[in-house]
Structures are given as C-alpha cells and as structure tokens.
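Below is one structure, written out as structure tokens, with a few remarks after it.
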Amino acid sequence: MYVEPKFRGRGSGKALLIALIERAIRECEGLEQIHLTVVSNNNSAKRLYVSLGFEVYGVEPHALKFDEQYFDEDLMILKIANLKT
C-alpha cells in the first residue's frame, strides 16, 4: 500500500483498507484470515495495519533487495473471527 506524501494523514489509506477487508469478508465465504507483508522498518504502515487488527507472526529476513541493500519483511495476519466477536 502506498499513499502519496501530500495525501498522508487524512485517513484515506485506512478507509481503503477497511473497505477492502469488509468486501473480502462479504464476498469470500468462509474467509478466516488475511495475510500481508510489510517492510520491517516501515513503522507508519505497521501502525496502520495494527490499528486494523493485524498482528506480526514472523519475519522474512532479506525479503527484498534494492540498490544492493536488503530489507526484512514482517509477516502479518488478520484473523477474521476476531473481527466478528
């Protein structure tokens, strides 16, 4: 997920994710969980995902390489049952 800097802080990323999660629950019968990955040092994105109920369950070391620099990724999960209770 990427929000252009001039549009950040307005809730558009959160609104988009909420709409996506609601649609997935509505249209994917039996959906139990949603997974995502996020670069481990992307704290603003991780805060957003945690605010929606995602939890880190692991880390993939050196998941990405850009300009000869490696980046780890946090593996995150949203358990749908937690949203319905």
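Taken together, the values in this text are just the output of simple stated rules run on the coordinates, not laboratory data. Because the structure is predicted, anything quoted here is derived from the model rather than measured. Glycine gets a Cβ as well: all are built from the backbone with ideal geometry, and neighbour counts include every protein chain shown.
Take the alpha carbon gyration tensor of the chain, find the square roots of its eigenvalues, order them as a ≥ b ≥ c, and report rounded if a/c is under 1.5; if not, report prolate when a/b exceeds b/c, else oblate.
Oblate.
Among Pro5, Leu78, Leu31, whose Cα projects farthest towards the positive end of the dipole of the chain, with charges put on the beta-carbon of Lys, Arg (+1) and Asp, Glu (-1)?
Result: Pro5, furthest along the dipole toward the positive end.
Work out the count of Lys pairs in the chain where the Cα-Cα distance is under 22 Å, with the pair 8 or more places apart or on different chains. Spell out each step's value before the answer.
Values: Lys6/Lys14; Lys6/Lys46; Lys14/Lys46; Lys14/Lys79; Lys14/Lys84; Lys46/Lys65; Lys46/Lys79.
Total qualifying Lys-Lys pairs in the chain comes to 7.
Length gain on complete extension for the stretch Leu75 to Val56, per 0.36 nm per residue less the alpha carbon to alpha carbon distance? Show your work: numbers first, answer last.
On the way: separation 19, 0.36 × 19 = 6.84 nm, distance 0.56 nm.
Length gained between Leu75 and Val56: 6.3 nm.
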